[in-house]
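Notes follow once the structure below has been shown.
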Amino acid sequence: MSELILKETLKGHRLRNTQCRADILAIFYEHDFALSHADIEDRVSEHYDRVTVYRTLKTFVDKGLIHKVLDDNGAQKYALCNADCSEDLHKHEHVHFKCIRCGLTTCLDESDIPGIKLPAGYVLMDVSMLVTGYCKDCQQ
Ligand SMILES: [Zn+2]
Ligand SMILES: [Zn+2]
Ligand SMILES: [Zn+2]
């Protein structure tokens, strides 16, 4: 991942370019599956502490760079957003897929979560859908 693309992406989401932000963003670009806080921490622990990693992830979510992915065990993971997301406006309600063999979770960008009908007086705040199965590397 080139430094320039990282810089431009941060700038596009009105974030100051810091080494920590660029490093963590690069990790997301290098993986096509969702990453947990611990996954990120493992990869940068020589340079940044827990709190810094936590704050950076939160900032990225707030600014529309990454979104939360709820795992089936309740764990929180994060995945890169598509280009349409911006500050406070995550525009995708897609399904996530978890492989039950390798445990990796990926975004199914093409699969929208079906419309949810709520009873009168209910307010929808968040919706997530996780499907499980075998990924292409594990299905043999
Ligand atoms: Zn998003
Ligand atoms: Zn798999
Ligand atoms: Zn996703």
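Just need the relative contact order of region 51-105 here, percent rounded to a whole number, with Cα pairs under 8 Å and 6+ apart.
Working: 54 pairs, mean separation 14.4, N = 55.
Relative contact order here is 26 percent.
Across region 65-75, in residue order, what do the Karplus-derived ³J(HN,Hα) couplings come to in whole Hz, using 6.51 cos²θ - 1.76 cosθ + 1.60 with θ = phi - 60° and x for Gly and Pro?
8, 9, 10, 7, 10, 7, 8, 6, 8, x, 5
Could you check how much of the accessible area of the chain is carbon and sulfur, as a whole percent, using a 1.4 Å probe?
The C+S portion of the solvent-accessible surface of the chain is 50 percent.
Keeping all protein chains in place, calculate the accessible area per residue for region 3-133 (probe 1.4 angstrom), answer in Å².
Accessible area per residue: 63 Å².
Summing Lys, Arg as +1 and Asp, Glu as -1, what charge do residues with Cβ under 10 Å from the Cβ of residue 62 carry, residue 62 excluded?
Result for the local shell: 0.
Please list the non-local residues whose amide H lies under 5 Å from the amide H of residue 66, H modeled 1.01 Å from N, same-chain partners needing a gap of 5 or more.
61, 81
Cross-link list 63/91; 68/136; 58/98; 7/77; 91/136; 98/136: which exceed 18 angstrom alpha carbon to alpha carbon?
With Cα atoms farther than 18 Å apart: 68/136; 58/98; 7/77; 91/136.
Can you show me the helix-derived [θ] at 222 nm for the chain, built from DSSP H runs with n ≥ 4 at -39,500 (n - 2.57) apiece and divided by the number of residues, rounded to the nearest 500.
Theoretical 222 nm ellipticity from helices: -9000 deg cm²/dmol.
Mind listing the long-range amide H neighbours of residue 111? Cut-off is under 5 Å, sequence gap 5 or more, other chains count too, H placed in the peptide plane at 1.01 Å from N.
Amide H neighbours of residue 111, under 5 Å, 5+ apart: 95.
Anyone know which of 81, 102, 20 comes out most mobile in the 10 Å Cα GNM of the chain?
The residue that fluctuates most here is 102.
Show me the ranking of peptides 64-75, 108-119, 128-139, 3-14 by mean Cβ neighbours inside 10 Å, starting with the highest.
Per-residue Cβ counts within 10 Å, averaged per peptide and sorted highest first, yield 64-75, 3-14, 128-139, 108-119.
Note down the relative contact order for the chain as a percent, whole number, built from C-alpha pairs under 8 angstrom at least six residues apart.
Relative contact order here is 19 percent.
The values are calculated or read from the model by the stated rules, or taken from the named source; none is laboratory data. What you are looking at is a predicted structure, and each value in this text was computed from that prediction instead of being measured. Neighbour counts run over all protein chains shown; Cβ positions are idealised from the backbone, glycine included. Note: areas computed on protein heavy atoms with side chains; ligands, DNA, RNA excluded. Shrake-Rupley method; radii C 1.70, N 1.55, O 1.52, S 1.80 Å.
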